[in-house]
Amino acid sequence: MRKRVEVGVLGATGMVGQQFINQLAGHPWFELSWLAASERSEGKRYVDAAPWRLETPLPEGIADRAVEPATPGKGPRLVFSALDAGVAGELERAFAEAGHLVVSNARNHRMDPTVPLLVPEVNAEHLALLRAQAKLRGGKGAIVTNPNCSTVVLTMALAPLRPFGLRSCLVSTMQAVSGAGYPGVASLDILGNVIPFIAGEEEKIESETRKILGALAGEAVELHPVRVSAHTSRVPVVDGHTETVAVALEKKPSFAELRAAFEGFSGAPQRLGLPSAPERPILYLDQPNRPQPRFDAARGRGMAVSVGRLRPCPVLDWKFVTLGHNTVRGAAGAAVLNAELMQAEGLLD
Ligand SMILES: NC(=O)c1ccc[n+]([C@@H]2O[C@H](COP(=O)([O-])OP(=O)(O)OC[C@H]3O[C@@H](n4cnc5c(N)ncnc54)[C@H](OP(=O)(O)O)[C@@H]3O)[C@@H](O)[C@H]2O)c1
């Protein structure tokens, strides 16, 4: 049996950090050996620094571990980052410069032309950008990112439509409160309410989508020509981002062709049998009132994206609803899948 790779988590005490601990518990390839966070948590027992907020119990062996300072050069070579975006830019760069492989959730480096922005089912080949990073950094450390939580869901749903000539896309999101971290949005603001603004979110969806769907040309990505217009809202849901999507396509596929494209979609994680890969990355649901976050966010252990309500659009061509788990598929699970892809491609050796 292959020796497990030691890994650490930066920002281990936050919402996404906790989800990392959950995803890495009992992982067949990775061994979680290092938990780091800010000065506020440093030196405390994990259980005291980070009251556990997930529905599953705190995995064994974590409660009494000391939270370490996030010092570049300390900790294992492979570190997952769930750092607050306010500090992730500089800290992740410092970790990469100290020789770490940083697999990050944070927004800061996603649009850097040398940094892969991965959804492994959609653009596994973008890992080749690491060659450009190696030239800059002498081949030691590197940064790999996953997209914003709404963008992961959207790009998974749009990728099967690329062969039909994806021209434009209008997307409206209904985003869960867990996407805002902890303590996140005040209960008095969100209970019984909808907040039609999430700072910076629309810009991220509109730009990241084009990079993810783009084609690799040498050691660069050519942005996909699709025009994306996003409207984002926060809704009183705990987990699971729901998105209503309308698309214009160059070709004129039938309902049956589109449904088959969603259902038949798969990629490198399925081909390589990566441990976190859902058997079917997209689940098409026929019930007229699905997907719904309460029932469908956890499908495929939170790694599958659901699509439903596919119907003609009187303005563009087709419209549908899609949904994914924001802290699993949209964050920690996405990063763990990225690291599994890197391991399968021999990039962690
Ligand atoms: N929540 C989601 O659904 C989601 C989805 C995709 C991406 N993301 C991104 O993932 C990252 C984490 O999000 P979150 O929701 O987990 O946020 P969060 O709950 O606020 O957690 C932030 C983490 O960063 C740590 N931190 C803050 N300042 C630090 C410093 N100076 N040095 C070291 N550690 C520091 C915190 O440690 P302390 O506890 O010690 O303060 C905490 O562990 C963000 O960049 C976010 O944009 C989140």
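Just so it is clear, none of the values below were taken in a lab; they were calculated from the coordinates. Predicted model only: the values in this text are computed from it and were never measured. Here the Cβ positions follow ideal geometry from the backbone for every residue, glycine too, while neighbour counts run over all protein chains shown.
Which whole-Hz ³J(HN,Hα) couplings does the range 260-274 yield from phi under the Karplus relation 6.51 cos²θ - 1.76 cosθ + 1.60, θ = phi - 60°, glycine and proline marked x?
Result, ordered by residue: 5, 5, 5, 5, x, 5, 7, x, 4, x, 6, 5, 8, x, 5 Hz.
When all C-alpha to C-alpha distances in the range 1-152 are sorted into bins of 10 Å, what percent of pairs does each bin hold, rounded to whole numbers?
Distribution as computed: 11, 40, 36, 11, 0 percent.
Which residues' amide hydrogens lie under 5 Å from the amide hydrogen of A106, considering only partners 5 or more residues apart or on another chain, with H built in the peptide plane?
Those lying under 5 Å, H to H, from A106 are L83.
Considering every pair of different Cα atoms, what Kirkwood radius, in Å, is found for the range 278-329?
Values: mean 1/r = 0.0881 Å⁻¹.
Taking every pair of different Cα atoms in the range 278-329, averaging 1/r and inverting gives 11.4 Å.
Mind jotting down a quarter of the surface of the convex hull over the alpha carbons of the range 155-258, in square nanometres, one decimal?
On the way: hull surface 32.7 nm².
The number I arrive at for the range 155-258 is 8.2 nm².
Cα-based Rg of the range 143-192 per 2.2 N^0.38 Å, rounded to two decimals?
On the way: Rg = 15.2 Å, N = 50, 2.2 N^0.38 = 9.7 Å.
Against the compact-globule rule of thumb, the ratio is 1.56.
Using all alpha carbons of the range 86-173, what is the percent of pairwise distances in each 10 Å bin, ordered from the shortest bin to the longest?
Reading the bins upward from 0: 16, 43, 28, 12, 1.
Quick check on the chain: helices-only [θ] at 222 nm, where DSSP H runs of length 4 and up contribute -39,500 (n - 2.57) each and the sum goes over total residues. Nearest 500, please.
Numbers: 12 runs with 96 residues, N = 349.
So the calculated ellipticity at 222 nm is -7500 deg cm²/dmol.
Pairs K3/K211; K44/K204; K211/K319; K74/K135; K44/K135; K44/K211: which exceed 28 Å Cα-Cα? Mind showing how you got there, number by number?
Working: K3/K211 35 Å; K44/K204 35 Å; K211/K319 22 Å; K74/K135 24 Å; K44/K135 39 Å; K44/K211 40 Å.
Too far apart for the 28 Å limit: K3/K211; K44/K204; K44/K135; K44/K211.
In whole angstrom, and with the biggest value first, how far do the Cα coordinates of the range 235-307 range along each principal axis?
Projected onto the principal axes, the Cα atoms of the range 235-307 cover 37, 36, 19 Å.
Which of the peptides 39-49, 68-78 is most tightly packed, and how do the rest follow, judged by the mean count of other Cβ atoms within 10 Å per residue? Numbers along the way, then the final one.
Working: 39-49: 14.8, 68-78: 17.3.
Taking the mean over residues of other Cβ atoms within 10 Å, the ranking is 68-78, 39-49.
Can you give the alpha-carbon Rg of the chain over 2.2 N^0.38 Å, where N counts its residues?
Normalised by 2.2 N^0.38 Å, the Cα Rg of the chain equals 0.95.
Peptides 191-201, 113-123, 89-99: what's the order by average Cβ count within 10 Å, highest mean first? Walk me through the numbers before you get to the answer.
Working: 191-201: 12.3, 113-123: 23.8, 89-99: 18.8.
The most tightly packed comes first, giving 113-123, 89-99, 191-201.
Quick check on the chain: of the DSSP beta bridges with both residues there, what percent are antiparallel, nearest 5%? Intermediate results must be reported in sequence, preceding the final value.
Working: 25 of 58 bridges.
The antiparallel fraction comes to roughly 45 percent.
Nearest 10 degrees is fine. How inclined is helix 333-344 to the longest principal axis of the chain, computing both from alpha carbons?
Compared with the principal axis, the helix lies near 80 degrees.
Please list, ordered by chain and number, the residues whose modelled amide H lies under 5 Å from the amide H of I143; skip anything fewer than 5 residues away on the same chain.
When sequence neighbours closer than 5 places are left aside, the close amide H contacts are V102.
Under 5 Å between amide H atoms, partner at least 5 residues away or on a different chain: which partners does L166 have, H built in plane at 1.01 Å?
HN-HN under 5 Å from L166: E250.
For a distance above 16 Å, tell me the whole-number percent of Cα pairs in the range 36-88 that qualify.
Values: 680 of 1378 pairs.
Beyond 16 Å sits 49 percent of the P(r) for the range 36-88.
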